[in-house]
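Undergrad: One structure follows; several queries about it will come next.
The values are calculated or read from the model by the stated rules, or taken from the named source; none is laboratory data. Owing to the predicted nature of the structure, the values given are computational and were not obtained by experimental measurement. Cβ atoms come from the backbone with ideal geometry, glycine included; neighbour counts cover every protein chain shown.
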Amino acid sequence: MSNAILSAVVVLGVTGLVTGVFLFLISRRFAVKSDPRIASIQALLPGANCGGCGFPGCSAFAEACVRQGSLNGMNCSVSKPEAMAQIAAIMGSEVEAVVPKVAVVRCEGSCANRPRLNVYNGAMRCSIANMAGGGETGCFFGCLGCGDCVSVCKFDAIHMDAVTGLPVVNQESCVACGACVSACPRHIIELRNRNKKDRRVYVSCVNKDKGPVAKKACAVACIGCGKCVKACQFEAITLDMNLAYIDPEKCRLCRKCVDECPQHIIKAVNFPAPLPQKQSSETVSQTETANA
Amino acid sequence: MLKTFRIGGVHPEDNKLTRSCRTGTAGLPKQAVFPLSQHIGAPAVPCVKRGDSVKVGTLIAAAGGFVSANIHSSVSGKVSKIDSVLDASGYRKPAIFVDVEGDEWEETIDRSDTVVKGCNLSPEEIISKVKDAGVVGMGGACFPTHVKLSPPKDANIECLIVNGVECEPFLTADHRLMLEHPDEILVGVSIIMKALGLERGCVGIEANKMDAVELLREKAREYNGIEIVPLRMKYPQGGEKQLIDAVMGRQVPAPPAIPANVGAIVQNVGTVFAIYEAVQKNMPLIQRNVTVTGKSVKNPCNLLVRTGTPISQLIEAAGGMPEDTGKLISGGPMMGRPLLSADVPVVKGTSGVLMIPRQEAVRAEERPCIRCAKCVSACPMGLEPYLMATLGEQGDWERAEKEDIMICIECGCCQSSCPSRRPLLDWVRLTKTTVGGIIRSRNAKK
């Protein structure tokens, strides 16, 4: 009886010992050497795997960082600047100054502004509606309203406005990953510089039709009159295919163009309200400033 | 037992309301509009400018490449502008606008009704005449015909198949063409056979057009090597690959294989007629048969229409648009495109104008997939449409490419057979377009 127990203990003990030594040697021999910096960088990243940096996920970004040996040309728009500075410190390089950006929806074609001429009855995806034709209104460039941008946003930063039928970006949550920009089949959404106090001036229209056609389709379409181009002192505004565009790098936020626009589609966001109204900058909503 | 294709297919109600309506004419428009991309391939390049006078048959836009086609004026008058126009794609595309004045034809065009049978031209001359006349495939895809008539040199083509199937419900334009111009079509068939050096030609016609089968059979006795093949009704028999399978019993492999790889070349009867007119009568492709129909249309009819005529004029000729119209379609109910406006001009590929009553136009509410696999049995290309749709929803383009999404012919059998009314074709089209774009950009990088 005791023999049986003893032999079992001995056999198992020896087997365990031999296997243990074998596994130890094997693990030393075939150890995968991974840079400890990858793990520490990954810990600093948000872990959302949004793909906004151009890599398949946060771990791929960390690996690419270490492989390259520096942070040059790479940026995680989701992380705070402090986190990026920490990553740069791990890599032993300086962090490049990256202008923070935010997604901007360039269409004002709400139900009131853009009369509906047809009914789209297919699958509710902008990409499918875009293939089926120009859409429900006479404007073939504007928002289709099926919400492809909303469904791709991983940060809950873009929502459809039930009244206007247009997407609205929550500038606090938006991390400028660019998912909505590539999801929009009509290229309405653009990443623009946040600037000081999140102030932005942009043309909120992408219609490239000639003036009369565009105006007939939508009450607030860019008609390509070029008044804003003349008003701009910094040569920041260009007119291409009947559509004005403000270059965010050249724009000095002087807002001279805003009042010139006969269609009132140059939006100035987050500026303090005109003096007579005496409002603090927080309470000024986008639309109020626009109508002012 | 009549022949048909082997895989999949559906049986939609054929609704050929205009079966016995003689082809009439729609009259001249006040202004004709010619979109520059009426065909697959590069858009044509305008060769007239504002204020130029044109006659019927004058070249107004030249082919913009090898895979492209000439466009001729179908009316006489003055070019008023070159501007964008809303076309059947649902977008504004560049087009030439001609204000109509009188009806003066180019002198070279033979306008008589006599059938010119003999043809002494060499194959090269035939193909160049077809090219000059701007003939494109008139079944709907609008592929330039001269490209199809110049197959790769190593291809061993045995048989010309003429597509007189017209499997789309409602449409009868090709049916009437076969009944009213049988001799012209048979001469056209022998011209194509000569151009390609073929001994054998088959005309495939579905069994709901037995009058056309009998008439053509009777006439075909005078011609060598032309056989009329009646086919059992099944949609989409008019698809090129389905027709080859039905007539010859051969299946075309996945792209890049083309019908020539299995020894076949397919032309629509409308195209054959256009080729006859181009070669024997010097008439460019400036008019075509269009069926104007719909269940509540007052006088559904077949019309011989000049290209560039606004569709609203065709609707007027058919007794106006019914009040209950919910959807206006260019083409048939299965593969046609919904129109955003009735001012869209007739182009080379417009085979029909269909007005659908409101209650039929609205799609039923979508319900979850019940895994019945009806779409799989219906797919004539042997694909799994439910899977393609899901892959599209999930954005798994790599897997979709592996599952051969690119061979889909967008016939719509899957969607029409789905008991849960899922918008399968919408998703499949999205998947196919996206994967096609990925493949193109990959090839461009190489």
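Undergrad: Looking at B:298, B:327 in this structure, which one is in a loop (DSSP other than H, G, I, E, B) and either not assigned by TED's automatic domain parsing to the domain that holds residue B:180 or not acidic (Asp, Glu) (or both)? Lay out the reasoning, then the answer.
TA: Details: B:327 fails: in a loop (DSSP other than H, G, I, E, B).
Answer to the selection: B:298.
Undergrad: Now for a different question. Only one of B:340, B:383 is within 12 Å of another protein chain (Cβ to nearest Cβ), within 26 Å of the chain's Cα centre (by Cα), of a type outside the set (Val, Ile, Thr) and part of a loop (DSSP other than H, G, I, E, B). Can you tell me which?
TA: Details: B:383 fails: within 12 Å of another protein chain (Cβ to nearest Cβ).
Matching residue, one of B:340, B:383: B:340.
Undergrad: In addition: Which residue pairs have Cβ atoms closer than 6 Å, lie 6 or more positions apart in sequence or on different chains, and pair a first residue in segment B:146-163 that is crowded, with 18+ Cβ neighbours inside 10 Å with a second residue that is of a type in the set (D, E, K, R) and part of a strand (DSSP E or B)?
TA: From segment B:146-163, the pairs are B:159/B:200.
Undergrad: When you check residue A:252 against the structure, is it more than 30 Å from residue A:97 (Cα to Cα) and assigned to a loop (DSSP other than H, G, I, E, B), yes or no? Even if it seems obvious, please write down each step before you answer.
TA: Working: more than 30 Å from residue A:97 (Cα to Cα): no; assigned to a loop (DSSP other than H, G, I, E, B): yes.
When the stated conditions are applied, residue A:252 does not pass them.
Undergrad: Go through segment B:14-36 and give me each residue that's touching a Lys or Arg at 6+ places or on another chain (Cβ under 6 Å) and assigned to a loop (DSSP other than H, G, I, E, B).
TA: Correct list: B:23 only.
Undergrad: Okay, next question. Considering each of B:390, B:350, B:434 in turn, give the residue that is over 30 Å from residue B:83 (Cβ atoms) and either part of a loop (DSSP other than H, G, I, E, B) or within 12 Å of chain A (Cβ to nearest Cβ) (or both). Break it down stepwise before answering.
TA: On the way: B:390 fails: either part of a loop (DSSP other than H, G, I, E, B) or within 12 Å of chain A (Cβ to nearest Cβ) (or both); B:350 fails: over 30 Å from residue B:83 (Cβ atoms).
Every option except B:434 fails the conditions.
Undergrad: Just to be sure, is residue B:96 surrounded by 14 or more Cβ atoms within 10 Å (Cβ to Cβ) and in contact with a helix residue (DSSP H, G or I) (Cβ under 8 Å, 6 or more places away or on another chain)? Break it down stepwise before answering.
TA: Values: surrounded by 14 or more Cβ atoms within 10 Å (Cβ to Cβ): yes; in contact with a helix residue (DSSP H, G or I) (Cβ under 8 Å, 6 or more places away or on another chain): no.
Judged against the criteria, residue B:96 is not a match.
Undergrad: I would also like to ask the following. Might you let me know whether segment A:50-60 holds any residue that is of a type in the set (Phe, Trp, Tyr), under 26 Å from residue A:182 (Cβ atoms) and outside any helix (DSSP H, G or I)? Show your work before the answer.
TA: Taking segment A:50-60 first, the residues of a type in the set (Phe, Trp, Tyr) are A:55.
Now drop any that are not under 26 Å from residue A:182 (Cβ atoms), which leaves A:55.
If we keep only those that are outside any helix (DSSP H, G or I) as well, we get A:55.
For segment A:50-60, residues of a type in the set (Phe, Trp, Tyr), under 26 Å from residue A:182 (Cβ atoms) and outside any helix (DSSP H, G or I): present.
Let's see how each residue does on (1) modelled with pLDDT of 90 or more; (2) of a type outside the set (Lys, Arg); (3) closer than 29 Å to residue B:413 by Cα:
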residue	(1), (2), (3)
B:130	yes, yes, no
B:137	yes, yes, yes
B:140	no, yes, yes
B:152	no, yes, no
B:174	yes, yes, yes
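Undergrad: Right, next: I'd like to know if segment B:415-423 contains one or more residues that are farther than 30 Å from residue B:98 by Cα, part of a helix (DSSP H, G or I) and within 13 Å of chain A (Cβ to nearest Cβ).
TA: Filtering segment B:415-423 for residues farther than 30 Å from residue B:98 by Cα gives B:415-423.
Pick out the ones that are also part of a helix (DSSP H, G or I) and you get B:415-417.
Now drop any that are not within 13 Å of chain A (Cβ to nearest Cβ), which leaves B:415.
The answer is yes; a qualifying residue exists.
Undergrad: Filter segment B:353-380 down to the residues that are away from every other protein chain (no Cβ under 14 Å), among the hydrophobic types (A, V, I, L, M, F, W, C) and not in a loop (DSSP other than H, G, I, E, B) and list them by number.
TA: Hits for segment B:353-380 are B:353, B:354, B:355, B:375, B:376, B:378.
Undergrad: Consider residue A:124 carefully, then state whether it is within 12 Å of another protein chain (Cβ to nearest Cβ), hydrophobic (A, V, I, L, M, F, W, C), surrounded by fewer than 23 Cβ atoms within 10 Å (Cβ to Cβ) and assigned to a helix (DSSP H, G or I). Talk me through it step by step, then tell me what you get.
TA: Numbers: within 12 Å of another protein chain (Cβ to nearest Cβ): yes; hydrophobic (A, V, I, L, M, F, W, C): yes; surrounded by fewer than 23 Cβ atoms within 10 Å (Cβ to Cβ): yes; assigned to a helix (DSSP H, G or I): no.
Spelling it out, it is not the case that residue A:124 is within 12 Å of another protein chain (Cβ to nearest Cβ), hydrophobic (A, V, I, L, M, F, W, C), surrounded by fewer than 23 Cβ atoms within 10 Å (Cβ to Cβ) and assigned to a helix (DSSP H, G or I).
Undergrad: What tally of residues in segment B:38-81 results from selecting those that are among the hydrophobic types (A, V, I, L, M, F, W, C) and surrounded by fewer than 18 Cβ atoms within 10 Å (Cβ to Cβ)?
TA: If we filter segment B:38-81 for residues that are among the hydrophobic types (A, V, I, L, M, F, W, C), which is where we start, we get B:40, B:42, B:44-45, B:47-48, B:54, B:56, B:59-63, B:66-67, B:69, B:71, B:75, B:79.
Subset that is surrounded by fewer than 18 Cβ atoms within 10 Å (Cβ to Cβ): B:40, B:42, B:45, B:47, B:62, B:66-67.
Summing the residues that are among the hydrophobic types (A, V, I, L, M, F, W, C) and surrounded by fewer than 18 Cβ atoms within 10 Å (Cβ to Cβ) in segment B:38-81 gives 7.
Undergrad: Determine whether segment A:176-192 contains at least one residue that is under 30 Å from residue B:432 (Cα atoms), within 12 Å of chain B (Cβ to nearest Cβ) and surrounded by fewer than 19 Cβ atoms within 10 Å (Cβ to Cβ).
TA: Narrowing segment A:176-192 to residues under 30 Å from residue B:432 (Cα atoms): A:176-191.
With within 12 Å of chain B (Cβ to nearest Cβ) added as a condition, the list becomes A:179, A:182-183, A:185-186.
Remaining after also requiring surrounded by fewer than 19 Cβ atoms within 10 Å (Cβ to Cβ): A:182, A:185.
Checked segment A:176-192: at least one residue is under 30 Å from residue B:432 (Cα atoms), within 12 Å of chain B (Cβ to nearest Cβ) and surrounded by fewer than 19 Cβ atoms within 10 Å (Cβ to Cβ).
Undergrad: Go through (1) of a type in the set (A, V, I, L, M); (2) over 21 Å from residue A:73 (Cβ atoms); (3) surrounded by 11 or more Cβ atoms within 10 Å (Cβ to Cβ) and name the single condition residue A:44 misses.
TA: Every condition holds for residue A:44 apart from (2).
Undergrad: For segment A:135-145, indicate whether the set of residues that are within 30 Å of residue A:69 (Cα to Cα) and either buried (at least 19 other Cβ atoms within 10 Å of the Cβ) or of a type outside the set (Lys, Arg) (or both) is non-empty. Break it down into steps so the answer makes sense when it comes.
TA: Taking segment A:135-145 and keeping what is within 30 Å of residue A:69 (Cα to Cα), we get none.
No, segment A:135-145 contains no residue that is within 30 Å of residue A:69 (Cα to Cα) and either buried (at least 19 other Cβ atoms within 10 Å of the Cβ) or of a type outside the set (Lys, Arg) (or both).
Undergrad: Checking the condition away from every other protein chain (no Cβ under 14 Å), of a type in the set (Val, Ile, Thr) and under 30 Å from residue B:248 (Cβ atoms), which residue from B:67, B:75, B:98 passes? Give the derivation first.
TA: Working: B:75 fails: under 30 Å from residue B:248 (Cβ atoms); B:98 fails: under 30 Å from residue B:248 (Cβ atoms).
When all the criteria are applied, what remains is B:67.
Undergrad: Please specify each residue of segment B:393-414 satisfying the condition of being closer than 27 Å to residue B:361 by Cα and either within 14 Å of another protein chain (Cβ to nearest Cβ) or assigned to a loop (DSSP other than H, G, I, E, B) (or both).
TA: Here is the first cut: in segment B:393-414, the residues closer than 27 Å to residue B:361 by Cα are B:393, B:408-414.
Those that are closer than 27 Å to residue B:361 by Cα and either within 14 Å of another protein chain (Cβ to nearest Cβ) or assigned to a loop (DSSP other than H, G, I, E, B) (or both): B:393, B:408, B:409, B:410, B:411, B:412, B:414.
Undergrad: Further, regarding this structure: How many of the residues in segment A:134-143 are in contact (Cβ under 8 Å) with a residue 12 or more places away in the chain and facing chain B (nearest Cβ under 7 Å)? If you could, list the steps in order and put the result at the bottom.
TA: Residues of segment A:134-143 in contact (Cβ under 8 Å) with a residue 12 or more places away in the chain: A:135-143.
Then keep just the ones that are facing chain B (nearest Cβ under 7 Å); that gives A:140.
Matching residues across segment A:134-143 total 1.
Undergrad: When the residues of segment B:149-205 are narrowed to those that are within 30 Å of residue B:21 (Cβ to Cβ) and among the hydroxyl-bearing types (Ser, Thr, Tyr), which ends up farthest from the chain's Cα centre (by Cα)? Lay out the reasoning, then the answer.
TA: We begin by selecting, within segment B:149-205, every residue within 30 Å of residue B:21 (Cβ to Cβ); these are B:160-192, B:201-205.
Filter once more, keeping what is among the hydroxyl-bearing types (Ser, Thr, Tyr): B:172, B:190.
Working: B:172: 13, B:190: 21 Å.
Out of the qualifying residues, it is B:190.
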